[in-house]
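One structure below.
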Amino acid sequence: MTVPGTLGTTGNTRPVAGRAERSPKQDRSRVTRLRLLEAAVACLAEYGWAGSTVSVVAERAGVSRGAAQHHFPTREDLFTAAVEYVAEQRSAALRGLFTDGADGPAPRGTVVKALVDLYTGPLFRAALHLWVAASNEEPLRPRVTELEARVGRETHRIAVDLLGADESLPGVRETVQGLLDMARGLGLANVLTDDAPRRARVVAQWSKILDGALGAND
C-alpha cells in the first residue's frame, strides 16, 4: 500500500521532499499576492497614481516592501495586475448574478443596472486614475491600453449574453456599445458627486430603449 506523502516502493519508504513544506508556502504566497492586489486598487481609488507608491500599498496590505517587489518587480506591474484582477473578479460576479439558480432571462432593467454598477464602484475609480497616469507615463501606456481593450471586449461579450442581443441584426452591436458608453459616462459623473437619483432614471429609460431595439426578453 502506498502511504500518502511517501514513495510507493517496497521496503524503505521516504517522504516526498518538500511536499509538506511547499503547500503552506504557496498558500501564503497566494494570500500575500491577493492582499497586494486588493490594497493597490483601494490605494489607487483613494490616493490616485501620485499617492499610490509601492510602499503605501505594501503598508496597507500589511507586508514588507520587499515582499511586494518579490511579487511585482515594478510599480507598473503591480497596478496593471491589480486593476486586471478586480476587473476579472467583477466580470465573474456579474455573470454569476444571472446564472446561479436563474429560471430564465433577467429583466433588462436588472441587467442594465448591473452593467452600470461596473462603472460606479472603486474599480472604475481606480481604472480612471490608471488611465490618467498612462497618458503621462510612457512605460505604462501600452500596458493600460492593452488591458482596457481586453476588459472592454469581455464586458461587451457579457452584455450581449445577458441582454440576449443578436448582433447579426443591423444596429444591435452599436446599441449594446452605446449602453456601455453611457454606463462609463455615468461612472465619470459619479466620481465627483453621488449621481444615484439621476442614474436610476437613466437606467430605467435605457431599459425601455433596449426593449424597443432588441425586443422584450421576458
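Throughout, read-outs are computed from the coordinates displayed, never taken from laboratory work. These numbers were taken from a predicted model, which means no experiment stands behind them. Heads up, the Cβs are rebuilt from the backbone with ideal geometry, glycines too, and the neighbour counts pull from every protein chain shown.
One table, with the values for the structure above:
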| item | result |
| --- | --- |
| Percentage relative contact order, the stretch 75-214, counting C-alpha pairs under 8 Å, at least six apart | 35 percent |
| Per-residue ³J(HN,Hα) for the stretch 149-165, Karplus 6.51 cos²θ - 1.76 cosθ + 1.60, θ = phi - 60°, Hz, x for Gly and Pro | 5, 5, 5, x, 5, 5, 5, 5, 4, 4, 4, 4, 5, 5, 7, x, 8 |
| Centre separation in Å (Cα based) which lies between the stretch 185-200 and the stretch 57-72 | 34 Å |
| Residues ASP27, ASP117 arranged by fewest to most Cβ contacts within 10 Å | ASP27, ASP117 |
| Surface/4 estimate of mean projected area, convex hull on alpha-carbon atoms of the stretch 75-214, nm² | 9.1 nm² |
| By average C-beta atoms within 10 angstrom, highest first, the peptides 37-50, 173-186, 142-155 | 37-50, 173-186, 142-155 |
